[in-house]
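The values are calculated or read from the model by the stated rules, or taken from the named source; none is laboratory data. Just so you know, these numbers come straight off a predicted model, no measurement behind them. No Cβ is skipped: glycine too gets one built from the backbone with ideal geometry, and neighbour counts run over all protein chains shown. Only protein heavy atoms, including side chains, enter the accessible area calculation; ligands, DNA and RNA are left aside. Shrake-Rupley method; radii C 1.70, N 1.55, O 1.52, S 1.80 Å.
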Amino acid sequence: SDHMENIYGYLMKYTNLVTGWQYRFFVLNNDAGLLEYFVNEQSRHLKPRGTLQLAGAVISPSDEDSHTFTVNAASGEQYKLRATDAKERQHWVSRLQICTQHHTEAIGKNNPPLKSRSFSLASQGSANSPGVQRRPSQNAVSFFSVGHHRLPAGKRVPIMQPDHLVDVREMMSQAEGQQRDLIRSIECLPVSGHLTSLDQDLLMLKATSMATMNCLNDCFHILQLQHASQQKGSLPAGTTISWLEPKISLANHFKNGAAQNFPAEINKPASVREEQSIAEPCQLTREPEEINPDEELEDICDDKEDDLGAVEEQRSVILHLLSQLKLGMDLTRVVLPTFILEKRSLLEMYADFMSHPDLFIAITNGTTPEERMIRFVEYYLTSFHEGRKGAIAKKPYNPIIGETFHCSWRMPKSDVAADAGSNFPAHSPSEQVNLSKDVEGQAELDYYTVKFVAEQVSHHPPVSGFYAECVERKMCVNAHVWTKSKFLGMSIGVTMVGEGILSLLEHGEEYTFSLPCAYARSILTVPWVELGGKVSINCAKTGYSASINFHTKPFYGGKLHRVTGEVKQNATNTVVCRVQGEWNSVLEFTYSNGETKYVDLTKLTVTRKRVRPLEKQGPFESRRLWQHVTESLRDGDIDKATEHKRALEERQRNEERLRAETETPWCTKYFLKDGDGWVYHKPLWKTVSAAQTQQTDTN
């Protein structure tokens, strides 16, 4: 093929932070499937300074600019390269991809199946490896030596009796132990040599063995249901069914070999046993809990997410994960590696969008509908910067169903922007008495309180509801968000489906708004966050609307994190305010009277949220629920964090399965279904309406 010729030329290669970029002479050897480089063209006859095997490699243009691209070998080694222009980059990327595809396909055609290789995994690696328990008879071949039996024609499969199910469970537990030992043996292999832990067949073996065990567990569960339904049909009404419990827990994957004859629970840390033994949520009280803001303390937690060490060390894990994904694949059910997690739940991330409560409260102080809409747009655009912790793209914990997060902010009244003509008291004396018990005794306080609550109301699809209110200023916001994530090649896209409604009860106005999409770019190098898409804000009563565009970086040139927008009066189609800038840096607002205002987001004061101490939180509040995962991540113990995370996820799956079996619907705690959305059970507009009705009746 004309496309398979050897090509060569100079490229810039990134070495490290100290040396930076250096010109090197590169040669693509199509016959050998190698990318080689030399100091210069004159030294081409010498031994290459570096060589990458292209079979199984991933070639990807970078999002940083139009010149850079990366070559990620199956071994985990990476070359970050830069061409002189976009055309030359495309030439190299195309030829490298063709060569990579050719040699990757050749591996499958030329290599014999794994079962024909004569080696024992149990004998590989160091005999002193602490995490490996070897049994001489156990290896990859013996693990998969399963006989297949065909039933004689016309014979029915006999119904399994309870003792048979117990036997099957014990056999499956042994198989699980063998599978765990198999994976340990593979992972203990060296990264170079005759047989490595990154061998293509061994990576496939790891994936298929896990898939096989998951399939067997699903089949066993079907047998349990079949047996229980047959029992239920033959017993009198009202008889309770005792579900068969496995003798050895399935929850703790990759832990404890099958040779042990005692429950696996004994070897788990107490914190993991606690995570798995928290009562089924439907057995807990689902009554809404009134959180007293006086019990909340100013948050001292300050977890920065700038550490790239774990990402660099785990590059081979990311490469293996990417090899299992397809473009456009929904990532909702994909379990991502623990080391890419932030140290907070998604519910707490939504709370961090409220880190400028002074701007939030100041919305209702606007003297005209136009000013209130502009103030809301200003607040909206300043909320995303603090919602991100650092420049590195990491993922918050996926909330489990029933998880909640509570916090509040106290804002000195003197710090909230007001206008001439808006120096009115928060409420009239009669309103102050009748609004609600939350306001009683606060008339003389010199600060406003903004309360926040979030709840994970659905698991599939993953939907979160959150609500915030400032009772003194009679304003609240209610929102629900369904996060849909997709694999986009070298990026991950997250669509925020849903809407929010800001209610300004003093003015009888409601503002509906949507949220932008988020993207994690350059996931194989230095991942970073980008927002994209068009969002709208509308107030039906006043006829004002805002259209905001979050611009993603174009392939050629362009700025990062750019945002533009305009506020207009719908009736006259008159633009009253324009905005441009970067959503994480400086925003420029230009008003209809010709005035211009600049907002530097990096210098805005962040008000720390107030959170109850862990010992006062309920078992399903985010920080208490994820505390062991967070502590392990802070300590840099990824394995321990993964263990705690897996325990929580396994418990959620077991509870979901039990609800499906017993046909028990999930009961939310704070939010009620309302059409396609979710509404807080006790919104401020109901409280205010009730107070006004009571006042009318009194008069």
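Summary of values
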read-out	value
Test: residue in segment 522-539 that is of a type in the set (K, R), open to solvent by 30 Å² or more (accessible area, probe 1.4 Å) and free of Cβ contacts under 8 Å to residues at least 60 places away in the same chain	yes
Subset of segment 653-671 [surrounded by fewer than 18 Cβ atoms within 10 Å (Cβ to Cβ) and in a helix (DSSP H, G or I)]	R653, N654, E656, R657, L658, R659, A660, E661, T662
Residue in segment 526-537 that is at pLDDT below 90 and over 23 Å from Y350 (Cα atoms) present	yes
Residue, nearest to E371 (Cα to Cα), within segment 577-598, restricted to residues that are of a type in the set (S, T, Y) and open to solvent by 80 Å² or more (accessible area, probe 1.4 Å)	S592
Selection count, segment 496-514, where residues are in contact with a Gly (Cβ under 8 Å, 6 or more places away or on another chain) and farther than 21 Å from I361 by Cβ	3
Qualifying residue in segment 428-448 (condition: modelled with pLDDT of 90 or more and open to solvent by less than 50 Å² (accessible area, probe 1.4 Å))	yes
Tabulated pairs, segment 608-624, first within 23 Å of R651 (Cβ to Cβ), second among the aromatic types (F, W, Y), C-beta under 7 angstrom, 6+ apart or interchain	E621/F405; S622/F405
Residues of segment 45-91 classified as open to solvent by 10 Å² or more (accessible area, probe 1.4 Å) and among the hydrophobic types (A, V, I, L, M, F, W, C), total	7
Boolean, L684 is aliphatic (A, V, I, L, M) and touching a residue at least 60 places away in the same chain (Cβ under 8 Å)	yes
Single condition P190 does not satisfy, out of (1) crowded, with 18+ Cβ neighbours inside 10 Å; (2) out of contact with any helix residue (DSSP H, G or I) (no Cβ under 8 Å at 6 or more places or on another chain); (3) not β-branched (V, I, T)	(1)
Subset tally (residues that are assigned to a helix (DSSP H, G or I) and in contact (Cβ under 8 Å) with a residue 40 or more places away in the chain) for segment 628-639	6
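A quick yes/no check of all residues on (1) under 21 Å from T404 (Cβ atoms); (2) without any contact (Cβ under 8 Å) to a residue 24 or more places away in the chain; (3) open to solvent by less than 10 Å² (accessible area, probe 1.4 Å):
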site	(1), (2), (3)
M349	yes, no, no
A362	no, no, yes
I374	no, no, no
E386	no, no, no
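Per-residue answers, yes or no, for (1) part of a strand (DSSP E or B); (2) open to solvent by 30 Å² or more (accessible area, probe 1.4 Å):
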| position | (1), (2) |
| --- | --- |
| W482 | yes, yes |
| G493 | yes, no |
| E499 | yes, yes |
| L502 | yes, no |
| E506 | no, yes |
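Results for (1) closer than 20 Å to S514 by Cα; (2) in the same structural domain as H67 (by the TED database); (3) modelled with pLDDT under 95; (4) touching a helix residue (DSSP H, G or I) at 6+ places or on another chain (Cβ under 9 Å), shown as yes or no for each residue.
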| site | (1), (2), (3), (4) |
| --- | --- |
| K553 | no, no, yes, no |
| K559 | no, no, yes, no |
| V563 | yes, no, yes, yes |
| T572 | no, no, yes, no |
| C577 | yes, no, no, yes |
| E582 | yes, no, yes, yes |
| S585 | no, no, yes, yes |
| Y591 | no, no, yes, yes |
